[in-house]
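**Q** Got a structure for you, questions after.
The values are calculated or read from the model by the stated rules, or taken from the named source; none is laboratory data. Here the structure is a predicted model, which means the values were calculated and not measured. Methodologically, a virtual Cβ is constructed for each residue, glycine included, from the backbone with ideal geometry; neighbour enumeration extends over all protein chains shown. For the accessible areas, the whole protein counts, side chains as well, though only heavy atoms, and no ligand, DNA or RNA atoms are used. Shrake-Rupley method; radii C 1.70, N 1.55, O 1.52, S 1.80 Å.
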Amino acid sequence: MKIPNGHEIIGLFEKFSPKNLAVEGDKIGLQIGRLNKKVERVMIALDVLENVIDEAIEKDVQLIIAHHPPIFRPLKNIMTDTIPGRMIEKLIKNDIAVYAAHTNLDVAKGGVNDWLAEALGLEGTEVLVPTFDTKLKKLVIFVPVSHADQVREALGNAGAGFIGNYSHCSFTGAGTGRFKPGADTNPYIGKTGELEAVEEVRIETIVPETLVKKAVTAMIKAHPYEEVAYDLYPLDNKGEALGLGRIGKIAQTTLGEFAEKVKSALDVERVRVIGDLHDKVSKVAVLGGDGNKYFSHAKFKGADVYVTGDIYYHTAHDAMMQGLNMIDPGHNVEKVMKKGLTKTLQQMCQDEGYQVEIFPSEVDTNPFKYV
């Protein structure tokens with residue numbers, strides 16, 4: 001087992017939630033501190049408040065991965081006799097780095113909105129608001145017949161060959177490969193200076209652009225040749241659509257009954273409901289955080305109810321006039337990311353052989369109390 005540095009931890013994280021998934025102008029990435037250091041403890045937090053920082057100090061954390069960026073608006077100054085200034089001072093003095101993953105973690109497959117949809121029991125989910133089309137590439141490899149199965153398996157396990165709900169998709173054609181090993185080579189097949197003809201196959205598969213490096217690395221590792229012949233072609237085919245929010249089905253119930261389920265599933269004391277509590281609902285849209293401007297997407301896709309936070313007064317009126325029910329459990333329900341990301345990153349680090357402790361913040365950062 002290896003103790004990783006911050007760059008290695010974030011490198012893994014960004015495979016799961018790439019920066020390019022974030023909406024334009026979002027304040028993501030490393031915000032405070034440095035990553036060129038050993039990291040033995042990572043804390044996952046929804047918000048970075050002073051009590052969260054104190055928790056990180058107490059638990060000897062070297063890196064905080066947060067959903068809400070602590071620096072969202074440009075700073076005019078850092079005055080350490082104010083709470084914002086004191087927070088930054090504490091982080092720097094204790095060498096705690098803060099990395100923010102905001103809308104990229106919302107959009108990511110298996111990220112915030114999928115965790116919310118899972119908690120609410122949605123089935124057959126799809127993206128509510130598409131924001132990103134995955135670019136695809138065609139990867140072509142030439143490999144001796146003896147290692148074809150091995151290379152195909154490595155490619156599929158690395159994420160290549162996914163078409164819809166099918167995995168490990170590829171096409172194979174037979175042919176003859178010719179080469180002459182030069183000086184200072186150590187050929188797997190053939191002799192230096194002699195032209196060699198080998199029965200080979202051409203394997204073609206499709207790869208999301210974000211996984212090209214991983215797929216090529218896995219392929220080369222599985223390939224027996226010292227120098228691997230392969231080609232990459234850009235494709236016009238559209239890949240998987242990613243985006244904000246999710247929409248899916250539940251067993252039919254009433255709006256009132258579903259509101260009770262939202263309270264229980266998302267661990268909130270109260271929810272605000274727009275609509276008739278006796279209305280039947282079976283198609284549900286959910287979008288973490290402030291989803292006011294996307295309510296029309298939920299209506300267009302046939303949602304009976306739209307679950308999101310921070311609903312404005314006039315948005316509620318607009319939704320009522322369009323016949324869309326809404327449930328507002330608050331912005332803080334995005335706290336599902338603490339346990340969800342902890343589990344995901346723990347598994348990724350374990351697979352990589354990293355010795356690092358990853359755990360969720362236990363501090364409640366919800367600013368609202370109900371009286």
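**Q** Starting from the Cα-Cα distance between GLN350 and PHE72, subtract it from 0.36 nm times their residue separation and give me the gain in nm to one decimal.
**A** Full extension of this stretch gives 96.9 nm more.
**Q** Go ahead and set up a Gaussian network model of the chain, Cα springs under 10 Å, then flag whichever of GLY177, GLY330, GLY159 fluctuates most.
**A** Of the options given, GLY177 has the highest mean-square fluctuation.
**Q** Further, regarding this structure: Using unit Cβ charges (K, R positive; D, E negative) and no other charged atoms, how large, in debye to the nearest 20, is the dipole of the chain about its Cα centre? Display every interim value, and only then the final one.
**A** Working: 43 positive and 51 negative charges, 73 e Å.
With Lys and Arg at +1 and Asp and Glu at -1, about 360 debye.
**Q** Which of LYS27/LYS93; LYS137/LYS299; LYS15/LYS339; LYS214/LYS299 have a Cα-Cα distance over 30 Å?
**A** LYS137/LYS299; LYS214/LYS299
**Q** Separation between the THR82 and ILE57 pseudo-spin-labels, each 7 Å from Cα along Cα→Cβ, expressed in nm?
**A** 2.0
**Q** Now, a different point. Less than 13 Å Cβ to Cβ from LEU30, Lys/Arg counted +1 and Asp/Glu -1: what total charge do the surrounding residues give?
**A** Surrounding charge for LEU30 is +3.
**Q** State the answer as a single residue: which of VAL356, MET79, ILE311 lies farthest towards the positive end of the charge dipole of the chain, with beta carbon charges of +1 for Lys and Arg and -1 for Asp and Glu, about the Cα centre.
**A** Positive-most Cα among the choices belongs to MET79.
**Q** To continue, here is another question. Report the extension gain between LYS93 and LEU232 in nm, rounded to one decimal, defined as 0.36 nm multiplied by the number of residues separating them, less their alpha carbon distance.
**A** Values: separation 139, 0.36 × 139 = 50.04 nm, distance 4.70 nm.
The span from LYS93 to LEU232 would gain 45.3 nm if fully extended.
**Q** Which Cα, out of ALA22, ASN165, VAL145, lies furthest along the positive dipole direction of the chain (beta carbon charges, K/R +1, D/E -1)?
**A** ALA22
**Q** PRE reach from GLU24 (point 7 Å along Cα→Cβ): which of the stretch 100-127 fall under 20 Å by backbone N?
**A** 102-108
**Q** Only loop residues by DSSP count here, and only those with at most 14 other Cβ atoms within 10 Å; note down the GluC sites (Glu not before Pro) in the stretch 316-371 that meet that. Don't skip to the end; give the middle numbers.
**A** Details: sites: GLU334, GLU352, GLU357, GLU362; in loops: GLU362.
Listed in order of number, the matching sites are GLU362.
**Q** Can you match Cα extents along the principal axes in Å to one of these, (i) 62, 52, 38; (ii) 85, 53, 33; (iii) 72, 49, 42, based on a calculation from the structure here?
**A** (ii)
**Q** Quantify, in whole percent, the carbon and sulfur part of the accessible surface of the chain (1.4 Å probe; protein heavy atoms only).
**A** That share works out to 51 percent.
**Q** For the pairs LYS2/LYS338; LYS109/LYS238; LYS37/LYS338, note any where the Cα-Cα span goes beyond 21 Å.
**A** From LYS2/LYS338; LYS109/LYS238; LYS37/LYS338, over 21 Å: LYS2/LYS338; LYS37/LYS338.
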